[in-house]
Amino acid sequence: MNVFVLALVVLVMLVILRSIKVVPQQNAYVVERLGKFHEVLQPGINFIIPFFDRVAYKHSLKEVALDIPEQVCITKDNVQVAVDGVVFIQVVDGMKASYGISNYKFAVIQLAQTTMRSEIGKIDLDKTFEERMNINRLVVASIDEASIGWGVKILRYEIKNITPPKTVLNAMEKQMQAEREKRAVILQSEGEKQSAINLAEGQKQKVVLESEALQQRQINEAAGQAEAIRAVAEATADGIRSVAKAIQSEGGMEAVQLRVAENLVEQFGKLAKTNNTLILPANFADMGSMISAAMTVVKNQQQTPSKNS
């Protein structure tokens with residue numbers, strides 16, 4: 001009797017344990033009842049009918065990264081390149097992931113490889129590195145369209161490596177080296193051209209500035225000479241006016257006579273020192289008459305302005 005009770009208790013506990021299913025977060029359990037799809041258990045505690053229901057499939061709803069093995073692709077210009085990548089997928093429908101395809105991971109990898117070969121074959125080798133983002137987008141769109149019935153969402157695809165043959169790599173390296181040398185020569189010539197332009201512009205500005213400086217110098221010198229001539233003329237005029245005024249004053253004529261006599265004697269004295277031959281006026285002995293003649297000229301010069309006035 002005790003054995004029967006114990007067996008009954010064990011059976012009840014077994015039934016209870018088999019009827020309770022705890023689903024972890026970000027997981028989906030697919031339940032079949034008598035071999036037919038029944039429901040998808042959500043995260044948390046769920047109850048099923050023991051011996052009738054069973055968990056047939058367990059799927060993780062987390063994002064999963066699948067490595068795409070390296071494969072050889074032929075570009076549009078018939079160059080073989082080795083390409084590998086990684087695709088990121090996520091199960092969004094547990095029922096379709098269980099019954100829509102037998103192995104969605106294998107299918108995604110195969111579809112990614114075939115799509116990659118197709119897209120690489122549409123472009124030249126030189127553009128494969130430039131078009132990586134576009135290729136990734138096309139692969140995602142192609143796989144995502146095909147996986148609608150698989151309950152899987154293709155999040156993104158990334159090309160990890162594109163490896164051309166060694167001969168192509170050497171040719172590309174030489175091409176890049178030639179291109180760099182070409183750019184260096186162009187930059188050097190541009191620098192020399194700009195330097196020549198700068199030198200010519202500097203020389204031009206130098207000549208212009210020197211001509212402007214010379215012109216300004218000549219203007220300043222002319223202005224200075226004019227000012228000097230004007231000052232000399234004014235000083236001469238002032239001196240003449242002072243002399244004229246002094247002559248008209250008392251004793252002025254006597255002073256002029258004395259000055260004329262002194263200058264006459266002085267000039268003849270100098271003439272005697274510098275020349276061996278002298279031509280003297282006939283009345284040179286009569287110094288008084290010569291002075292009188294000079295004074296007559298002075299008086300006539302004084303009377304002339306008064307008559308004109």
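The table below gives the values:
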item	result
Index of the failed condition, Ile162 passing every other in (1) assigned to a strand (DSSP E or B); (2) closer than 30 Å to Ser60 by Cβ; (3) not charged (D, E, K, R)	(2)
Which numbered condition Asp93 fails, given (1) surrounded by 11 or more Cβ atoms within 10 Å (Cβ to Cβ); (2) in contact with an Asp or Glu (Cβ under 6 Å, 6 or more places away or on another chain)	(2)
The range 14-44, subset surrounded by 14 or more Cβ atoms within 10 Å (Cβ to Cβ) and not in a strand (DSSP E or B), residue nearest to the chain's Cα centre (by Cα)	Pro43
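Quick note: the coordinates plus some simple rules give every number you see, no bench work behind them. All figures in this text were calculated on a predicted structure; none of them were measured in a lab. Note that each Cβ is placed from the backbone with ideal geometry, even for glycine, and that neighbours are counted across all protein chains shown.
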